[in-house]
Amino acid sequence: MSPGNEYSRINQAGLAQLLGEMRPELGRFMLARQCNPAEVDDLLQDLYVKLSGVQTGPVSNPRAYLYQMANNLLHDHRRGRRRQQARDDHWARNRTGDDLERDAEPTPEESAIARDELERVNAVIALLPDRTAQILKMYRLDGVSQKAIANSFGLSLSAVEKHLQRAYRKLLLLREELDSAPQLSQTEADDVSFS
């Protein structure tokens with residue numbers, strides 16, 4: 001073994017020993033530089049591994065050398081975290097779009113809820129008087145105008161409007177039940193007269 005290598009090995013052993021002694025001090029140093037407290041021990045272990053793997057020459061001020069290594073390691077760690085966040089952000093934007101909104105496709109849970117609500121709406125419509133249900137379907141689903149519906153049933157325009165109001169009130173009751181925020185009583189929903 002050459003004299004230079006022997007001196008370097010002794011120097012490394014001395015730095016490792018000093019690192020062990022300075023561990024609490026270096027931990028406070030990292031915390032003062034906004035390091036996550038949960039990561040301090042890991043970073044100090046990384047510092048020890050890095051110190052064990054690097055060949056150094058004579059170090060005139062070993063304490064300052066260890067502080068500088070700790071500071072550099074902290075900067076490297078932060079750069080790595082920023083790169084990771086950039087990768088994660090890039091992945092999220094590619095998956096969901098630039099506005100980072102979630103997929104437009106509903107989740108299985110949302111689909112099941114929507115099917116259940118549709119069944120309940122159909123049940124409410126089935127309980128409506130036949131003419132009211134027909135008028136609602138013609139107006140809302142088929143897009144037939146109220147005037148054309150009135151002509152086809154031989155009703156006045158206001159009668160068609162009242163049928164629609166009654167249907168809407170029943171559907172509003174269902175909506176309030178689904179939202180668990182009642183605003184309209186059953187008697188109010190039934191309180192529509194026809195002409």
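The values are calculated or read from the model by the stated rules, or taken from the named source; none is laboratory data. These numbers were taken from a predicted model, which means no experiment stands behind them. Positions of Cβ are generated from backbone atoms using ideal geometry, with glycine treated the same way; all protein chains shown enter the neighbour counts. Surface areas here come from the heavy atoms of the whole protein model, side chains and all, with no ligands, DNA or RNA. Shrake-Rupley method; radii C 1.70, N 1.55, O 1.52, S 1.80 Å.
Identify, from the list L157, L173, L184, the residue that is farther than 18 Å from E119 by Cβ and modelled with pLDDT of 85 or more.
Exactly one residue qualifies, and that residue is L157.
Hey, can you tell me all the residues within segment 2-49 that are at pLDDT below 80 and farther than 19 Å from S60 by Cα?
Residues of segment 2-49 at pLDDT below 80: 2-14.
Correct list: S2 only.
Pull up segment 55-79, narrow it to residues that are without any contact (Cβ under 8 Å) to a residue 12 or more places away in the chain and either loosely packed, with under 12 Cβ neighbours inside 10 Å or aromatic (F, W, Y) (or both), then point me to the one that is farthest from E25 (Cα to Cα). Don't jump to the end; show me each part of the working.
Filtering segment 55-79 for residues without any contact (Cβ under 8 Å) to a residue 12 or more places away in the chain gives 60-61, 64, 68, 72, 75-76, 78-79.
Among the residues that remain, those that are also either loosely packed, with under 12 Cβ neighbours inside 10 Å or aromatic (F, W, Y) (or both) are: 60-61, 64, 68, 75, 79.
Details: S60: 20, N61: 16, A64: 12, Q68: 13, H75: 18, R79: 23 Å.
If we take residues in segment 55-79 being without any contact (Cβ under 8 Å) to a residue 12 or more places away in the chain and either loosely packed, with under 12 Cβ neighbours inside 10 Å or aromatic (F, W, Y) (or both), then R79 is farthest from E25 (Cα to Cα).
Rundown of residues vs (1) open to solvent by less than 50 Å² (accessible area, probe 1.4 Å); (2) more than 43 Å from the chain's Cα centre (by Cα), yes/no style:
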site: R115; (1), (2): no, no
site: I125; (1), (2): yes, no
site: D130; (1), (2): no, yes
site: M138; (1), (2): yes, no
